Amino acid sequence: MRRESVHTAPSSLQEHRFLEVFRDQEARLYALALKMTKSAGYAQDLVQETFLKLWEHREQMSDIRNMDAWLYRVMENKLMDFLRKAAADERMREYIWNALDQGAPTPAAITEAREYHTLVAKAIDRLPAQRRLIYRLNREEGMSYLEIADELKISRHTVKNQLSSALQAIRTFIVKTSGPLPLFFSLFFFRQ
């Protein structure tokens, strides 16, 4: 029997669960989006897109074991898309830069940045030796994949895979260690 690809009408149980999750998570996701975009309008749009994604998966909501993590991942992806678009759109980039540049860093922000850099150093130290070396050659020495491959006598593909694994391990360590707080930094500094 062929399965229909069209969603069935939502049950009242699905609607109730969705509204419950929305009420529970909307403010946290909005605060995260606002911190990243510095714009109430963009933040609202990103929250709406995140919950639209959940609504599209409403039939699987009961299968989602950790709703916080699921929504956080969707929001992280939406923010990445937003930041990529912002990087390509000069007016949006200028708006965000100006919003970020409106004041001197607060003592709390300076402390957060220091804590974040300490976390990154710990995450890097936990990497396997070759992965750590590849990460440092690329991110700290500015070497290209090809230069690293030549230097270490390995393939460019291996360099790319090792760097990708290093970045993922660093992101995972940061999120597990400190939660969503340093997402702002990891989105900017740990893109591939």
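Bear in mind that the values in this text are calculations on the coordinates, not laboratory data. All figures in this text were calculated on a predicted structure; none of them were measured in a lab. With ideal geometry, Cβ positions are generated from the backbone for all residues, glycine too; neighbour counts draw on all protein chains shown.
General observations
- Net charge in the neighbourhood of D150 (other residues with Cβ under 15 Å of its Cβ; Lys, Arg +1, Asp, Glu -1) is 0.
- Summed residue charge, Cβ within 14 Å of R132's Cβ, Lys/Arg positive, Asp/Glu negative: +2
- Set of lysines near K176 by C-alpha distance (under 23 Å), chain-local residues within fewer than 8 positions excluded: K35, K78, K122
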